[in-house]
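Please treat every number below as a calculation from the coordinates, not as lab data. Values in this document were obtained by computation on a predicted structure and should not be read as measured data. Here Cβ is always computed from backbone atoms with ideal geometry, including for glycine, and neighbour counts include all displayed protein chains.
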Amino acid sequence: MYQSNSFVRKWLGISIRRNQLFTKVMRSIKMWGTHRTLAKISNRLALRFPIFIYFRSKEKDLLLSGCGQFGAASISYFVGKFLGNRFLGCYDIDQEKSTLVQKTYGYKYVVDNFEELLSISGAKRLFIASNHASHTNQAIQAIRKGLMVHIEKPVAVTWQQFAQLLLAMEGKCDQVFVGYNRPFSKAMEITRQNLPSGNGPFTIEHFIVGHLLPSDHWYLDPGEGTRICGNVGHWIDLTIHVLSQRSVPDEWKLVINYSDQDRGDDNFALSMTSSRGDLVNMTFTSRAEPFDGINETTNIQQGQVLLKIDDYISMKLWQNETYKCYKFQPKDVGHKNSIMQMYDESAKYKRPWKEVYLSTLLMLHITDMVCEKITHSKFTFSGLEARLAESNPI
């Protein structure tokens, strides 16, 4: 009887897992489309079959540093889909991941270290999707070699790194692109088109359900900038992007309420108010793994305009008496347009570097607050610039 019950429990467990997997795949297809879901599954399960069949030869000029899920199922996927095989060389500290990406997307070379990657003849462009603390150093080396560089978030995890990057970028800003993708989404394009004229204050609210990370996850390594740089920087940057459609006030007050101060970068609420009257609220939580991945909602109000973005699957817009509802199929978080920046010479939207500059200053300030368990802060962006100047290596 005991063995029978044990068998039933095991059978039910397997059955439930299969049902969950089937549900997950079907929901992913609905959100992302069949082909991209296949790319995601292929990389997760290390299935070594080609994602694309290329019929035309292309100039191979692209390098990839970091062959994890984003490097494979986002960067390589969109480049391969829209530009064909431009894949010259790839590198990851885990060579099995490099080999997997080579087999599935057609990279010509797999190398053993980053310096060897940069030395490949014919390289013109580099995507950096490696661990966060390595982004700055890799970007600086690539900029000095004259490559066009796409840095996935964040561009730096310390003040000193950011100061070094800015020094390397002097006179070369047109070589550098940054992977904060939400400003490139259709929802944010609609937002930019419908904000009222004038410099009235904004109310902005983000609610984000992030991945539940194990205690030994590399995101939580003290040298990687905490989840503020690793995750929350997306919505810090999005806030600066929205504010920048008018102007970003210099003076701010900031309050953080921690659920657990010992894990201050998880399960917290952040509130900011400006001297103009802007109000920004952000809640980041990860009490359980979200079944469909990161889930987020953003509400924005300025004057008579009210916008609600639901996980970049749908969006509602109220403008005086006008109401519109938008659906985005597949889900559009801006990945495609962000990744294609380096190749799109006639891009409909080019993001000003100033926005990323301000959002990185704010991200590093909030990171300091979390690391030092500070709950209240008054700051100015001019003061943060002075803090950055103190870190300048010259």
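Compare the Cα positions of Ser391, Tyr357, Ser286 along the charge dipole of the chain (+1 at Cβ of Lys, Arg; -1 at Cβ of Asp, Glu; about the Cα centre) and return the one farthest towards the positive end.
Highest projection toward the positive end goes to Ser286.
Run the paramagnetic zone check for Lys354: 7 angstrom along Cα to Cβ, then residues of region 227-241 with backbone nitrogen under 18 Å.
237-241
How big is the gap, in Å, between the Cα center of region 88-135 and the Cα center of region 179-223?
Here the answer is 28 Å between Cα centres.
May I ask you to compute the full-extension gain from Ser271 to His35, defined as 0.36 nm times their residue separation minus their alpha-carbon distance, rounded to one decimal in nm?
Net length gain for the segment: 81.0 nm.
Give the lysines reachable from Lys24 as a straight Cα distance under 20 Å; neighbours fewer than 8 places away on the same chain don't count.
Cα-Cα hits under 20 Å: Lys40, Lys331.
Taking log10 I(q)/I(0) by the Debye sum over Cα atoms at q = 0.07, 0.09, 0.11, 0.14 Å⁻¹ straight from the coordinates, which label in (1) -0.40, -0.60, -0.80, -1.13; (2) -0.34, -0.57, -0.85, -1.36; (3) -0.30, -0.50, -0.75, -1.25 is the correct one?
Label (2) holds the value from this structure.
Taking the Cβ of Asp221 as the centre, find all other residues whose Cβ is under 13 Å away and add up their charges (Lys, Arg: +1; Asp, Glu: -1).
-2
Return Met169, Met363 ranked ascending by Cβ neighbour count within 10 Å, so the fewest neighbours appear first.
Lowest count first: Met169, Met363.
Could you derive backbone 3J(HN,Hα) for region 65-72 from the dihedral phi with the Karplus parameters 6.51, -1.76 and 1.60 (θ = phi - 60°), listing whole Hz in sequence and x where the residue is Gly or Pro?
Per residue, the Karplus-derived 3J(HN,Hα) values read 10, x, 10, x, 4, 6, x, 8 Hz.
Might you report the magnitude of the Cβ-based charge dipole of the chain about its Cα centre, with Lys and Arg at +1 and Asp and Glu at -1, to the nearest 20 debye?
Using Cβ point charges on Lys, Arg, Asp and Glu, the chain gives about 1800 debye.
What spacing in nm lies between the two simple spin-label points modelled at Asp260 and Glu372, each 7 Å away from Cα in the Cβ direction?
Label at Asp260, label at Glu372, 2.5 nm between them.
How much of the DSSP bridge set in the chain is antiparallel, in percent, rounded to the nearest 5?
Close to 65 percent.
At a Cα cut-off below 16 Å, give the lysines reachable from Lys145, other chains included and same-chain residues fewer than 8 away excluded.
Straight-line reach from Lys145, under 16 Å: Lys124, Lys172.
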